[in-house]
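Only one structure is covered here, and it is reproduced in the block below.
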């Protein structure tokens, strides 16, 4: 079964990125030369790409934790395991840095 | 007469789940969508074990039970 979050990336997230790319193209055109009018759109695009990627990583972490917890016995330990993996997860809260992405996935790495 | 539909959980609902050997209650704060194993829906739930700082946990829909919904919903 294909990953839901991969499907979400390939549909919803890509579509949102395409929209700002289209806005960039409609203002700046596609000819040669520097585009001064699109400076702010460039900044917005960078922020949007960063937020979409962070959302993707958050979804991936959630999916990974669920697979691990589901395979855990006894059943009484599952929620405790879930809480431990997601406690103070930086991906939930603020603009993350690359080391936070790495740290978030270290605990679920097999 | 049709069958009664099972109400799905929504943000704001109070739910119950097993945490260790204790049944705890919490409030759903986010529907994360079908991210779980085999596409099951996950929910972010804020709960308190005791008088300590509230925690947030992500639980699949088949491991929680609906206790109450917000008034007026």
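A few notes on this one:
- Test: residue in the stretch A:70-90 that is within 30 Å of residue A:21 (Cβ to Cβ) and modelled with pLDDT under 75: yes
- Yes/no for residue A:58 being under 15 Å from the mean Cα position of the chain (by Cα), surrounded by 11 or more Cβ atoms within 10 Å (Cβ to Cβ), modelled with pLDDT of 90 or more and within 14 Å of chain B (Cβ to nearest Cβ): yes
- Residue in the stretch B:9-21 that is more than 10 Å from chain A (Cβ to nearest Cβ), more than 9 Å from the chain's Cα centre (by Cα) and free of Cβ contacts under 8 Å to residues at least 24 places away in the same chain present: no
- Hey, residue A:43 farther than 16 Å from residue B:37 by Cα, more than 14 Å from chain B (Cβ to nearest Cβ) and modelled with pLDDT under 85 or not: no
- Verdict on residue B:5 being modelled with pLDDT of 95 or more, surrounded by fewer than 17 Cβ atoms within 10 Å (Cβ to Cβ) and not in a helix (DSSP H, G or I): no
- Listed conditions (1) surrounded by 14 or more Cβ atoms within 10 Å (Cβ to Cβ); (2) at pLDDT 80 or above are all met by residue A:96, apart from (2).
- Residue count for the stretch B:23-66 satisfying the condition of being away from chain A (no Cβ under 11 Å) and assigned to a strand (DSSP E or B): 7.
The values are calculated or read from the model by the stated rules, or taken from the named source; none is laboratory data. Everything numeric in this text was worked out from a predicted model, so none of it was measured. No Cβ is skipped: glycine too gets one built from the backbone with ideal geometry, and neighbour counts run over all protein chains shown.
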